[in-house]
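**Student:** Next up is a structure, given as structure tokens.
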Amino acid sequence: MEKGKVLVIIPAYNEEGSVGKVIEGVRTHLSQADLLIVNDGSTDLTSEKARVSGAVVLDLPYNLGIGGAMQTGYQYASQKGYDIAVQVDGDGQHDPKEIGKLLKALEEKNLNMAIGSRFLGQSEFKSSMMRRVGISIFSGVISILVRQKITDPTSGFRAANRKAIQLFAYEYPQDYPEPEVVVLLHQCHLKMVEVPVGMSERYSGESSITKLRSIYYMVKVLLAIFVDYFKKPPRLGKEEEGC
């Protein structure tokens with residue numbers, strides 16, 4: 001993408017085995033972008049591995065979760081004047097060569113956010129049955145609420161333009177934010193689209209969402225989605241561009 005400053009935000013929690021490979025992959029496929037690692041209170045060598053790779057690293061004092069880590073990244077992007085912010089997870093599931101698809105969609109369709117969906121194209125990544133059921137439920141509910149077909153609302157592989165960056169720097173869901181962000185964008189009348197992308201298995205480690213927690217997660221997120229939908233959208237100041 002030739003126009004604008006691009007920042008790739010990589011939230012990472014105990015990803016010492018993968019963060020270096022992720023950084024290398026992003027540099028290979030998007031050499032003009034800047035990289036920001038948000039080290040979310042890791043207790044391993046995530047921060048050290050990222051610094052050795054030459055990326056800018058923000059070390060959070062303790063684990064805030066993906067919502068807190070990403071909002072930190074968006075605040076950095078807003079303050080530094082970036083035009084595009086791309087979220088790439090630190091575990092290696094998101095293929096850096098697919099970032100170009102997200103950027104192309106933002107530019108050609110004049111959108112505020114492009115979301116990489118593993119269900120619109122062919123992907124090597126196969127989630128568990130429980131997760132597929134949960135994603136299907138989220139997809140159905142969110143698609144009805146936002147009046148737009150959303151196939152992969154839990155995908156964290158996303159690109160946002162400056163207007164969305166400023167919104168997220170001010171207001172961003174915590175805990176498991178990806179499905180809630182889709183509702184937030186709708187409430188703020190921002191445009192989004194899904195783009196088919198390939199994803200793969202994580203390089204190392206295991207997901208924190210176990211089978212038992214999946215049920216809790218589904219209930220919790222569904223409640224949060226409905227709360228977000230019916231509450232008033234955030235009102236931003238004159239300097240921010242958002243709702």
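**Student:** Within region 138-145, is even one residue hydrophobic (A, V, I, L, M, F, W, C), crowded, with 18+ Cβ neighbours inside 10 Å and free of Cβ contacts under 8 Å to residues at least 60 places away in the same chain?
**Tutor:** No, every residue in region 138-145 fails to be hydrophobic (A, V, I, L, M, F, W, C), crowded, with 18+ Cβ neighbours inside 10 Å and free of Cβ contacts under 8 Å to residues at least 60 places away in the same chain.
**Student:** Report whether or not residue 111 is closer than 18 Å to residue 189 by Cβ and out of contact with any Gly (no Cβ under 6 Å at 6 or more places or on another chain). Break it down into steps so the answer makes sense when it comes.
**Tutor:** Values: closer than 18 Å to residue 189 by Cβ: yes; out of contact with any Gly (no Cβ under 6 Å at 6 or more places or on another chain): yes.
Yes: the conditions hold for residue 111.
**Student:** Step by step: first the residues of region 20-53, then only those that are within 18 Å of the chain's Cα centre (by Cα) and farther than 17 Å from residue 76 by Cβ, then the one that is surrounded by the most Cβ atoms within 10 Å (Cβ to Cβ). Which residue is that?
**Tutor:** Only one residue tops the list, namely 22.
Condition check ((1) at pLDDT below 95; (2) in contact with a Leu (Cβ under 9 Å, 6 or more places away or on another chain); (3) of a type in the set (A, V, I, L, M, F, W, C); (4) not in a helix (DSSP H, G or I)) across all residues:
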site: 3; (1), (2), (3), (4): yes, no, no, yes
site: 8; (1), (2), (3), (4): no, yes, yes, yes
site: 54; (1), (2), (3), (4): yes, yes, no, yes
site: 92; (1), (2), (3), (4): yes, no, no, yes
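**Student:** Let me ask something else about it. Tell me, yes or no, whether region 192-214 has at least one residue that is out of contact with any strand residue (DSSP E or B) (no Cβ under 9 Å at 6 or more places or on another chain), modelled with pLDDT of 80 or more and farther than 20 Å from residue 94 by Cβ.
**Tutor:** There is no residue in region 192-214 that is out of contact with any strand residue (DSSP E or B) (no Cβ under 9 Å at 6 or more places or on another chain), modelled with pLDDT of 80 or more and farther than 20 Å from residue 94 by Cβ.
**Student:** Tell me the helices (runs of 4 or more DSSP H) entirely within region 95-188 that contain at least 3 residues that are of a type in the set (D, E, K, R) and modelled with pLDDT under 95.
**Tutor:** On the way: elements: 99-109, 129-146, 162-170, 178-187.
Passing ranges, in order: 99-109.
The values are calculated or read from the model by the stated rules, or taken from the named source; none is laboratory data. Nothing here was measured: the structure is a model prediction, and the numbers come from that model. Every residue, glycine as well, gets a Cβ built from its backbone with ideal geometry; the counts of neighbours run over all protein chains shown.
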